[in-house]
Amino acid sequence: MFTGIIQCEGDVLSVRREGTERRFRIRPSVPFDALTDGESIAVSGVCLSVEDHDRDVFTAYASAETVSRTTLGELEPGGRVNLERALAVGDRLGGHMVSGHVDCVAVVQSVARRGESLCCRLDFPAAYGREVIPKGSVALDGISLTINACGADFLEVNIIPDTRRRTTMGAWRPGSRVNMETDLVSKYVAHMLAPWTRRDGAGRDRASGAGAAEPVARGGLSLATLREAGFL
């Protein structure tokens, strides 16, 4: 488990391709004290396990599934990544709860200056739209951010100067592809409500037809009840 507060950037020293899998050697810009083999590190938002390490460099493996769902397959030697070690019990929770299990890849559409900050708009697959809400949380390349505005297939975030300096966000341009993890709470709520909602092929809600009975759960919970309570 992570928080989305990046500890440092890392340099990709080498990438070994093994079919559709990858093995990376990464050097953190700040040495990690007491690093252990087998511990989890979020690499640009993707939870990977440390295979081996020395004082300055660690090696991590990405499976074919991980490569297919993230931007890790696009990494080349000389690239830069955001790094965060796993949350320890008693640490400050400065961002939000991040699992390191990336949902999809989002694409930067625009980067506009707003005072000292940058406003970035990103598009993502509409199937994840119900897990993205205004003023909710999202992890982009492992960075915990607050959503300023959003729609079914886009979101906007504000990047403060300190975040740009400490992460790879300073290199974002239109067309940049980033790893996106939706809010953990939104994900579970959407999953629990799924039996009482109907979705079309694009992942959007569909209204019940005229005269159609709405599904009712035990205890009398219906789609109308959930809508009145503000869940839909």
Given Cβ charges of +1 for Lys and Arg and -1 for Asp and Glu, the option among M97, F24, C47 whose Cα lies farthest towards the positive end of the dipole of region 1-114 is M97
For the chain, the per residue accessible area (1.4 Å probe, Å²) is 52 Å²
Taking Cα atoms only, helix 184-193 is inclined relative to the longest principal axis of the chain by an angle, in degrees rounded to 10, of 30 degrees
Out of A190, A88, A106, a Gaussian network model of the chain with alpha-carbon springs under 10 Å gives the largest mean-square fluctuation to A88
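Over the chain, what relative contact order in percent results from Cα pairs under 8 Å that are six or more residues apart?
Relative contact order of the chain: 20 percent.
So what is the 222 nm mean residue ellipticity for the chain from helices alone, if each DSSP H run of at least 4 adds -39500 (n - 2.57) and you divide by all residues, rounding to the nearest 500 deg cm²/dmol? It would help to have the intermediate numbers written out before the result.
Numbers: 4 runs with 28 residues, N = 232.
Computed ellipticity for the chain at 222 nm equals -3000 deg cm²/dmol.
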Binned at 10 Å from zero, the C-alpha pair distances of region 1-157 give percents of 11, 37, 34, 17, 1
On the accessible surface of the chain, probed at 1.4 Å with all protein chains in place, carbon and sulfur together account for a percent value of 51 percent
The size of the Cβ-based charge dipole (Lys, Arg +1; Asp, Glu -1) of the chain about the Cα centre, to the nearest 20 debye, is 640 debye
Highest GNM mean-square fluctuation among S110, S44, S137, for the chain with Cα springs under 10 Å, belongs to S110
Expressed in nanometres to one decimal, the distance between label points 7 Å along Cα→Cβ at T146 and A86 is 3.0 nm
Highest GNM mean-square fluctuation among T20, T59, T71, for the chain with Cα springs under 10 Å, belongs to T20
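The values are calculated or read from the model by the stated rules, or taken from the named source; none is laboratory data. None of these values were measured; they are calculated from a predicted model. Cβ atoms come from the backbone with ideal geometry, glycine included; neighbour counts cover every protein chain shown. To get the accessible areas, we keep the full protein, side chains included, count just its heavy atoms, and leave off ligands, DNA and RNA. Shrake-Rupley method; radii C 1.70, N 1.55, O 1.52, S 1.80 Å.
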